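Note sheet for the following structure.
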Amino acid sequence: MRRHLLDSAKTLLAHTRFDWTPVKSGESGDLVYRREDGLAYAKIASSDRSADLAGERDRLLWLQGRGISVPEVIDWRDVEEGACLTMTAIRGIPAVDLDGDALLKAWPSMARQLKSLHELPADQWPFNRRLSLMFARAADVVSCDAVNRDFLPPEDRGKPARELLDRVERDLPLRFAQEAADRVLCHGDACMPNFMVDPHSLQCTGLIDFGRVGKADRYVDLSLMIANAEESWAAPEQGERAFAILFETLGIAEPDRERLAFYLRLDPLTWG
């Protein structure tokens, strides 16, 4: 399958006058290429994922000019072998490449960037990411025995996938009510590789990877942002400070830790 996708990438990029260098692919399995001048990236999806990549294209187009720094769509190609989305680069480096001290300095601007996304008018957003859809996706992944156990926390890797899904399902009534009361436009994968940061000023320059953007409980983003940064902190005090900064920036006086934990239990089950 990967060899077929590599061949498709050559076909889909052959029309350009630039050379392209492969970079690390993400959790979706799509291939990502950087243009030789560093000003653009191309994401290549197999034919069975073309619709998902088209969804990311449409999300980016909707977000243009709405005050959020996101990649601009340059080109779209969809052929029998797969699809290719070409977009501008966001300057900077991924936040995952920063050490703990630098990340903590960048953190307030990252929190503000996320807040700006959450403050967009969700009622105008045409794409949904509501909890019922994500749970249905998790149930499908579990039924297909496709859970990627590398995405699970160490304490859950030896547990049956059905047990993990049942644990999530028991909390659904409460989480449905919370989502209905506090639904915003979420990034959906607010992890450190998707926050771009200027390495000199340590200010967040934008967000990337918008394939999962949709209306959802804001804690979807908060849980992933906090958990994904944990391995970057050199000391617990840094993580505690980042936690406080994030919720202060968003104006949340009393963070709901159980709500954070719920979305961390759900998310790994949706990536099969």
Original post:
Hey, among Ala102, Ala106, which residue is touching a helix residue (DSSP H, G or I) at 6+ places or on another chain (Cβ under 8 Å) and either open to solvent by less than 50 Å² (accessible area, probe 1.4 Å) or closer than 15 Å to Met192 by Cα (or both)?
Top reply: Ala106
**OP:** Determine whether Asp52 is modelled with pLDDT of 95 or more and part of a helix (DSSP H, G or I).
**Re:** no
Subject >> Any hit, region 128-150, residues being open to solvent by less than 60 Å² (accessible area, probe 1.4 Å), among the charged types (D, E, K, R) and assigned to a helix (DSSP H, G or I) >> reply: no
Original post:
Asp267: assigned to a helix (DSSP H, G or I), among the acidic types (Asp, Glu) and over 30 Å from Ala45 (Cα atoms), yes or no?
Top reply: no
**OP:** Give the residue that is most open to solvent (accessible area, probe 1.4 Å), with candidates limited to residues of region 215-272 that are under 19 Å from Leu172 (Cα atoms) and of a type in the set (Gly, Ala, Ser).
**Re:** Ala261
Original post:
Given the residues Glu258, Glu254, which is the only one that is of a type outside the set (Phe, Trp, Tyr) and outside any loop (DSSP other than H, G, I, E, B)?
Top reply: Glu258
**OP:** Give the residues of region 227-249 that are in contact with a Gly (Cβ under 8 Å, 6 or more places away or on another chain) and part of a helix (DSSP H, G or I), sorted by residue number.
**Re:** Ala229, Glu230, Ser232, Gln238
Original post:
What's the number of the condition Ala190 fails, among (1) touching a Cys at 6+ places or on another chain (Cβ under 9 Å); (2) closer than 26 Å to Asp30 by Cβ?
Top reply: (1)
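The values are calculated or read from the model by the stated rules, or taken from the named source; none is laboratory data. Everything numeric in this text was worked out from a predicted model, so none of it was measured. Every residue, glycine as well, gets a Cβ built from its backbone with ideal geometry; the counts of neighbours run over all protein chains shown. For accessibility, only protein heavy atoms count, side chains too; no ligands or nucleic acids. Shrake-Rupley method; radii C 1.70, N 1.55, O 1.52, S 1.80 Å.
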